[in-house]
Amino acid sequence: MRAIWKGAVSFGLVSIGVKVYSATEEKDIRFHQVHREDGGRIRYKRTCSVCGEEVTYDDIAKGYDIGGGEMVILTDSDFADLPLSTSHAIDVLEFVPAEQVDPILYNKAYFLEPEGTATKPYVLLRDALTDSERVAIVKVALRQREQLATLRVREGVLLLNTMLWPDEIRQPDFGFLDEDLKVRPPELAMASSLIDSMAGEFEPDAFTDDYRAALQEVIDAKVEGREVVQPEEEEAAPAAAVDLMAALKASVERARAARGEAPSGGGAEPTPISSARSAKKTAAKKTPAKKTEPAKRTPAKKTAEKKTPARKTAAKKAEPAKKAPSAKKAPAKKKTA
C-alpha cells in the first residue's frame with residue numbers, strides 16, 4: 001500500500017505521527033471507451049467553449065458559478081492562502097459511544113500507521129480506545145477539505161472514518177410518512193417470527209458479487225476464444241402478495257426450509273406461527289388414515305355390487321314357483337266340497 005497523507009494525531013498534549021492509507025478498494029471491472037471498428041481508444045480534448053482553443057492543465061483554473069452567466073475564477077494562489085492546505089493534523093475533539101454515531105454519516109475509511117518513534121503513543125491511544133469502548137471524534141483536512149471523522153480500533157490498527165457533515169444528509173420527504181397506517185398485532189407478530197427465522201451471524205466472506213464474477217467469465221472467455229457458459233437462472237422474485245399474512249407465513253416456512261430446520265414444537269407459548277404448524281402437523285397425521293380407509297372399503301363395495309344382482313334373480317325365480325301351486329289347488333277344493 002502507498003501512503004496518501006502524512007500528519008499527526010493530536011491527542012491532548014501528545015502528538016502521534018502517522019501515515020494514512022486507503023482502507024478499501026473497489027473491485028469493479030473498468031472499461032475504456034474504444035472505436036467499435038478498430039478498437040482504438042477514444043480521446044477527449046480540453047477545449048474552451050469561448051475561443052475553441054485546446055487548453056493545457058497549467059491554464060485551467062476553478063470557476064464558481066454565481067448564476068446569471070457570471071463566474072468567479074479562483075486560482076492556485078487563492079487556495080494557497082487557506083489554512084487547510086498546509087494542515088497535517090488530526091485533532092481529537094471528544095470521545096463518544098460508538099452507537100451514538102449514525103452510520104449514514106460514514107464516508108470513507110483509512111488505516112493509520114505509526115511513523116518513526118510514534119509507535120508507543122500510537123499503541124497507548126489504541127489500547128485506551130479499546131478499554132473505553134468509545135470512538136474519538138476528530139477533524140482532519142484531506143484533499144483541501146476539512147472533514148469530520150472518527151477514530152476507532154479495527155484488528156489492532158487505528159481506523160479513520162471520514163464523515164459527512166449533518167447538512168449533507170438529505171431529509172426524507174415521502175407522502176406515506178403522513179398517512180395514518182396501522183399494523184395489526186398478528187401481522188407484527190408474524191413479521192417478528194420471520195425475522196427470527198432468518199436470524200444469523202454476519203459473515204461478509206459468505207457473500208459474493210455474482211455479477212462481477214459472471215462479467216469476468218465473459219471477459220476470460222473472449223480472451224481464450226471459447227464459448228461462454230450461461231449461468232443457471234435464479235428463481236424469479238414472487239409477485240406482490242395481496243394477503244400479507246399469507247405471504248408472511250409462506251416466507252417463514254421458506255426460510256426454515258432453506259436452513260434445513262424442522263418446525264419447532266414443545267412447551268413454548270403458542271404464537272401465530274406455532275399454532276399454524278400444530279394444525280399442519282395434525283392434518284399430516286390424519287391424512288394417511290383417510291387414504292387407507294378407501295382402499296380397504298373398495299373391495300367390499302365391489303362384492304356387494306356383485307351379490308346384489310344374484311339376490312334379485314333368486315327373488316324373481318321364487319315368485320312364479322309360489323303362484324303356480326296356488327292357482328291349480330283352488331279348483332280342486334271346490335270339486336271336493
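The values are calculated or read from the model by the stated rules, or taken from the named source; none is laboratory data. Remember, predicted model here, so these are calculated numbers, not experimental data. Every residue, glycine among them, receives a Cβ derived from its backbone with ideal geometry; neighbour counts consider all protein chains shown. Accessible surface areas use protein heavy atoms only, side chains included; no ligands, DNA or RNA. Shrake-Rupley method; radii C 1.70, N 1.55, O 1.52, S 1.80 Å.
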Checklist entry - Is it the case that the range 186-197 has a residue that's open to solvent by 100 Å² or more (accessible area, probe 1.4 Å), of a type in the set (A, V, I, L, M, F, W, C) and either touching a Ser or Thr at 6+ places or on another chain (Cβ under 7 Å) or outside any loop (DSSP other than H, G, I, E, B) (or both)? => result yes
Can you say whether A118 is modelled with pLDDT of 95 or more and open to solvent by less than 30 Å² (accessible area, probe 1.4 Å), as far as the supplied structure shows? no
Of the listed residues (V18, V14), the one being under 39 Å from the mean Cα position of the chain (by Cα) and of a type in the set (V, I, T) is V18
Here the residues within the range 37-63 that are within 43 Å of the chain's Cα centre (by Cα), outside any loop (DSSP other than H, G, I, E, B) and either of a type outside the set (D, E, K, R) or surrounded by fewer than 10 Cβ atoms within 10 Å (Cβ to Cβ) (or both) are R41, G63
Can we say R154 is of a type in the set (D, E, K, R), under 14 Å from F111 (Cβ atoms) and surrounded by 10 or more Cβ atoms within 10 Å (Cβ to Cβ)? yes
Scanning the range 16-33 residue by residue, those at pLDDT 90 or above and surrounded by 10 or more Cβ atoms within 10 Å (Cβ to Cβ) turn out to be I16, G17, V18, K19, V20, Y21, S22, A23
In the range 136-151, anything surrounded by 12 or more Cβ atoms within 10 Å (Cβ to Cβ) and not aliphatic (A, V, I, L, M) is listed as K139, E146, Q147, T150
Residue pairs qualifying under the 6 Å Cβ cut-off, at least six apart or on distinct chains, with the first in the range 122-135 being open to solvent by less than 70 Å² (accessible area, probe 1.4 Å) and the second being among the β-branched types (V, I, T), are Y122/I16; R126/V153; L129/V153; V135/T150
Note on the range 214-258: residues among the β-branched types (V, I, T), at pLDDT 75 or above and either surrounded by 14 or more Cβ atoms within 10 Å (Cβ to Cβ) or part of a loop (DSSP other than H, G, I, E, B) (or both) are V252
Here the residues within the range 67-92 that are over 30 Å from G12 (Cα atoms) and open to solvent by less than 90 Å² (accessible area, probe 1.4 Å) are G67, G68, G69, V72, L74, T75, S77, D78
Cβ pairs under 6 Å, 6+ apart or interchain, first in the range 7-22 and of a type in the set (D, E, K, R), second not in a loop (DSSP other than H, G, I, E, B), ordered by first then second residue, are K19/K6; K19/E113
Any chance V96 is in contact with a Gly (Cβ under 9 Å, 6 or more places away or on another chain), of a type in the set (A, V, I, L, M) and assigned to a strand (DSSP E or B):
no
